[in-house]
Amino acid sequence: MKRGIESGNAASLLERFLEPREIAHLAAYLASPLASATNGAAIRAEGGVLTTTL
């Protein structure tokens, strides 16, 4: 099922689902001192969704 969704999803730049570790890396970054200059931002982790048709 996952493969069928991925192959038919032309609106995603990655053309795949994100792996749980990729979300974990983002969460770890946001919780770290490295993100001290990131404030008031909406951080999206959706694989680069395109809103226009190809």
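The values are calculated or read from the model by the stated rules, or taken from the named source; none is laboratory data. All figures in this text were calculated on a predicted structure; none of them were measured in a lab. Please note that ligands, DNA and RNA were not included when accessible areas were found on the heavy atoms of the full protein model with its side chains. Shrake-Rupley method; radii C 1.70, N 1.55, O 1.52, S 1.80 Å.
It is to be established whether one or more residues within segment 22-34 are at pLDDT below 90 and of a type in the set (Ser, Thr, Tyr). Looking for residues that are at pLDDT below 90 and of a type in the set (Ser, Thr, Tyr), one finds none in segment 22-34, hence no.
Among the residues of segment 20-29, those that are open to solvent by less than 70 Å² (accessible area, probe 1.4 Å) and closer than 12 Å to Ala45 by Cα comprise Glu22, Ala24, Leu26, Ala27.
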